[in-house]
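Everything below concerns the one structure shown next.
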Amino acid sequence: MRPAPALAEGFPDLSGMRIAREPHWFRWISAALIVLVLAAIARAFANGQIEWSYVSRFLTAKVILEGIVNTMVMAVLAMALGIVLGIVVAIMRLSPNPVLKTVAAGYTWLFRGTPLILQLLLWFNLALVFPTIGIPGLWSARAVDVMTPFLAALLGLGINQGAYTSEVMRAGMLSVDIGQYEAAQAIGMGRLRALRRIVLPQAMRVVIPPLGNEFIGMVKATSLASVIQYPELLHNAENIYYANSRVIELLIVAGLWYLLVVSILTPLQMLLERRFARGTLRLAR
Amino acid sequence: MTRLSHFLGLAALAAATSAQAAELPAEIKQAGALKLTVNSTYAPMEYRDPATNELVGLDIDLANELAKRLGGLKIVWSETPFAELIPSLQTRRADFIISGISDRASRRETADFVDYLATGPQFFVMADSAAKDATDLCGKKVGTTRSTSFPVEIEKWSKQNCEAAGKPAIQYVPGENSIDVRNQLKQGRIDAAVQGSETLPYAQSQEPGKYRIVGDAFAKGYQGIMFRKDDAALREVVTEKLAAMIADGAYKAVLDKWGLGANAVEKPMLNAAPQ
């Protein structure tokens, strides 16, 4: 160990002194205030007019569990439909063919331009317009037998989602460097093949975070299907409080389940992101 | 001695009656207005006139007459889904609720009802339906508004009249409100529907020849004006004014205007609907 260099005349040697800690008064006061406010809110809820026994009793009630299953089934299927439609529409939108381009833009305009709940009600009441549907000469059925609450919700949520997803997909495809298209063309790939093999895999990395966002939105948007009698979580919670008038208690039950589902989805999204980022993460590792 | 006790008795009686001459709560008196909340999807009880977008209906007329008699109060109306009527009362968003709501034991846990109109759930079908009798609906799909007391009453009726007779039970199908239920009926999602008997004449007048009523109202009940349990003073003063309206014919005039004279009650009753 080297000795500390000698100090010039008139400068005291401070190297042995303890470094004083800054007191951070403001940090302490603000933290204490925030904790106090949170405690007051928690206390207010604990003493508020909430019958917590109803919350715990209905948290695992059969209809609530069925509701959460129906919510998740609908969210997954509608999102899958939305992603398929979104990819197709994004490809159409970026196509050189003016008809495809216009149809794709029109689809996004129509389904992004009207409220989701309105679309759900239209699908559900479609039989008022077309009492029977089918293929002339081949097959026909009463519209209501086809357009069950399940199918009306799936079409309403999925097609609406497709309009939003197409924009996410388009952004992802635009984020891939133009040189990649040109290189694919240079080695003789057609447009669709280049999309499938070169562009989309790279776009996936970019679109996963916004898609995860959209899926979390979808889980909650399924609650709108309660108005067309799809028995999802909120619908079933409402049915219980219609009977026993414990409104807040049942809304808390439903809210806790939504929070739980979203809490599970967030780390899943990170796993998915990591998988699609294999090519770029290697450097960071 | 007897004289004295008579006198004391009279004094006590006078004190009691003066206490009974119910007073409006100070808060309402001061505001000069009643806050009332309705679910305006239940013509002719309360709905928005398609031409003017005004709130109209039997309940609206009764409430206006009551407000006039309560010292010329204004009414500040608000609207809410049917299921939020009770929370609106509990959270004091509304002073009382007069909105086509049935007096049911399950609701008396949270509110008191001053019953003012006879009602009952009523089956109806499309005019071309094969169903002649209510019992023809056993095993069929019957829809009604899911936030009302009707689902429970249908189930009860089905137990007594279908299952007890060895027939299949009615299959209940939920709907969002009476318009949605009638839409489901038109589309053939359901074979029959249930609404309060007091709302069917209006629905039939709007779409003549479309619907047919099957059987009689299958349970006897009342609609009630709903008050908070701790709001006895307001409940009493409204009951008093309502009784006066029944006595002097103003009540009957409103009912007749909406074609529901047959659903009149003889006097306001507290939590009186049989269950």
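Only the coordinates and a few stated rules stand behind these numbers; no lab work does. Keep in mind the model is a prediction, meaning the values are calculated, not measured. Backbone-built Cβ (ideal geometry, glycine too); neighbour counts: all protein chains shown.
Averaged over the residues of A:236-242, the number of partner chain Cβ atoms lying within 10 Å of the residue Cβ comes to 4.
Across region A:30-38, rounded Karplus estimates of 3J(HN,Hα) from the backbone phi angles (6.51 cos²θ - 1.76 cosθ + 1.60, θ = phi - 60°) give 5, 4, 4, 5, 5, 4, 4, 5, 4 Hz, Gly and Pro being marked x. Residues whose amide H falls under 5 Å from that of residue B:269, counting only those 5 or more places apart or on a different chain, are B:115, with hydrogens built in the peptide plane.
Residues in region B:34-46 carry Karplus couplings, in order, of 9, 9, 10, 10, 10, 9, 8, 10, 10, 4, x, 6, 7 Hz; the curve used is 6.51 cos²θ - 1.76 cosθ + 1.60 with θ = phi - 60°, and Gly or Pro positions show x.
Along chain B, counting only GluC sites (Glu not before Pro) with a DSSP assignment other than H, G, I, E or B and at most 15 other Cβ atoms inside a 10 Å radius, the longest segment between sites is B:55-265. For the protein assembly as shown, what class follows from the C-alpha gyration tensor (a ≥ b ≥ c being the square roots of its eigenvalues): rounded when a/c is under 1.5, otherwise prolate if a/b is larger than b/c, else oblate? Verdict is oblate for the protein assembly as shown.
What aspartates and glutamates does residue B:252 reach when the alpha-carbon gap must be under 17 Å and sequence neighbours fewer than 8 apart in one chain are set aside? Cα-Cα hits under 17 Å: B:59, B:61, B:65, B:115, B:198, B:240, B:266. Remark: the residue A:44-residue A:270 segment gains 77.8 nm on full extension, using 0.36 nm per residue and subtracting the alpha carbon distance.
Under 10 Å, Cα contacts only: if you run a Gaussian network model on chain B, which one of B:245, B:45, B:226 comes out with the highest mean-square fluctuation? Greatest mean-square fluctuation among the candidates belongs to B:245. Each label point was placed 7 Å from the Cα along the Cα-to-Cβ direction; for residue B:152 and residue A:17 their separation is 7.9 nm.
Post the alpha-carbon centroid distance, region B:211-269 to region B:47-105, in whole angstrom. Taking the Cα centre of region B:47-105 as reference, the centre of region B:211-269 is 14 Å away. In terms of its alpha-carbon gyration tensor, chain B comes out prolate; a/c meets the 1.5 threshold, and the first ratio a/b outweighs b/c.
Candidate cross-link partners of residue A:62 among the aspartates and glutamates, defined by an alpha-carbon separation under 15 Å and a same-chain spacing of 8 or more, comprise A:232, A:238.
Its Cα gyration tensor gives region A:175-230 an equivalent ellipsoid. The semi-axes, each the square root of 5 times an eigenvalue, are 37, 12, 6 Å from largest down.
For a straight C-alpha distance cut-off of 14 angstrom, the aspartates and glutamates reachable from residue B:29 (same-chain residues fewer than eight places away being disregarded) are B:95.
Computed from the Cβ-Cβ distance with R0 of 22 Å, the FRET efficiency linking residue A:141 to residue A:112 stands at 0.10. If I build a Gaussian network model for chain B, linking alpha-carbon pairs within less than 10 angstrom, which residue out of B:191, B:61, B:49 has the largest mean-square fluctuation? Of B:191, B:61, B:49, the most mobile in the Gaussian network model is B:49. Given a 10 angstrom Cα cut-off, can you work out which residue in A:244, A:47, A:125 is the most mobile in a GNM of chain A? Taking springs between Cα atoms under 10 Å, the residue moving most is A:47. Is the C-alpha gyration tensor of region B:121-214 telling us rounded, prolate or oblate? Criteria: a/c under 1.5 is rounded; beyond that, a/b larger than b/c is prolate, otherwise oblate. Because a/c hits 1.5 or more and a/b exceeds b/c, region B:121-214 counts as prolate.
Extension gain for the segment residue A:128 to residue A:278, taken as residue separation times 0.36 nm less the Cα-Cα distance, is 48.9 nm to one decimal. Its DSSP H runs of at least 4 residues, each contributing -39,500 (n - 2.57), put the calculated 222 nm mean residue ellipticity of the protein assembly as shown at -17000 deg cm²/dmol, to the nearest 500. Taking the alpha-carbon centroid of each part, what is the distance from region A:31-52 to region B:128-163 in angstrom? Answer, in whole Å: 47. Measuring spread by the Cα atoms of region B:151-261 yields a radius of gyration and Dmax of 18.3, 50 Å.
Report D for region A:183-285 in µm² per second (integer): Stokes-Einstein, Kirkwood Rh on Cα pairs, 20 °C, 1.002 mPa s. In µm²/s, the coefficient rounds to 126. For chain A, excluding the exposed loop sites themselves (GluC sites (Glu not before Pro), DSSP loop, at most 13 other Cβ atoms within 10 Å), the longest remaining stretch covers A:52-285.
Counting Cβ atoms of other protein chains within 10 Å of each residue's Cβ and taking the mean over peptide B:109-115 gives 1.
Under 18 Å from the 7 Å Cα→Cβ point of residue B:132, by amide nitrogen: which residues of region B:207-234? Counting only backbone N, you get B:212-216.
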